[in-house]
């Protein structure tokens, strides 16, 4: 069974850099690193952040997959297209869960009505299902995975309903991943603290 590593912290706290250093430590001659980028850049600032992340990985021989849903299918198809055998040890860096959730909420340019109870329940089930499928896939395929996610629960309660909904959903997802993880780290101002 592969390892699940959980890396959380505030915005721009150094989560991605730390997760990348973990990948480099796990990487060996008989392994391949798959960087799963869940962000969908929709403005200049997001595009710049994407470029910064790419530049930081420039010297690495890692593969990048851009996906925020059906990730096990995306990984399997990518491995097949790139002739990466099933027996090769895979290390996956999923960066980040926060963007994955955001993209799933607004999937296919759908207008999300946070006031509609059935809509909130539908989206929550969709997000939880995506993560359960991914966790089961990782365990069944003997894959090491590092989840990067924001800890947004320390920033106070949002004054708008969508912000509160998002924070609660992210909190549930983070707890789910952390409970399944073998290791967990909290990044504070660039300093990793092992919490599990």
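Read-outs throughout are calculated quantities, based only on the coordinates presented, and are distinct from any laboratory measurement. This structure is a prediction, so every number in the text was calculated from the model and none was measured. Every residue, glycine as well, gets a Cβ built from its backbone with ideal geometry; the counts of neighbours run over all protein chains shown.
Helix 161-180 axis versus longest C-alpha principal axis of the chain: approximately 30°, rounded to the nearest ten. Reported to the nearest whole Å, the Cα centre-to-centre distance from segment 145-196 to segment 80-112 is 18.
Listing 123, 114 from fewest to most neighbouring C-beta atoms within 10 Å gives 114, 123. Pairwise Cα distances in segment 59-127 exceed 14 Å for 67 percent of all pairs. With respect to the chain, whose longest principal axis is taken over its alpha-carbon atoms, helix 15-26 is tilted by about 30°. The Rg/Rh ratio for segment 112-156, using Cα coordinates for both the radius of gyration and the Kirkwood hydrodynamic radius, is 1.12. Per residue, the average separation of C-alpha pairs within less than 8 Å and at least 6 apart gives segment 4-194 a relative contact order of 39 percent. The fewest-to-most ranking of 31, 102 by surrounding Cβ atoms within 10 Å reads 31, 102. What would the Debye equation give as log₁₀ I(q)/I(0) for segment 4-194 at q = 0.07, 0.10, 0.11, 0.19 Å⁻¹, counting only Cα atoms as equal point scatterers? Calculated log10 I(q)/I(0) at the listed q: -0.19, -0.40, -0.49, -1.51.
Using only Cα atoms, find the angle between the long axis of helix 117-141 and the longest principal axis of the chain, and express it within 0 to 90 degrees, rounded to the nearest 10. Computed tilt is about 10 degrees. Ranked by the mean number of other Cβ atoms within 10 Å of their residues, highest first, the peptides 87-97, 128-138 fall in the order 87-97, 128-138.
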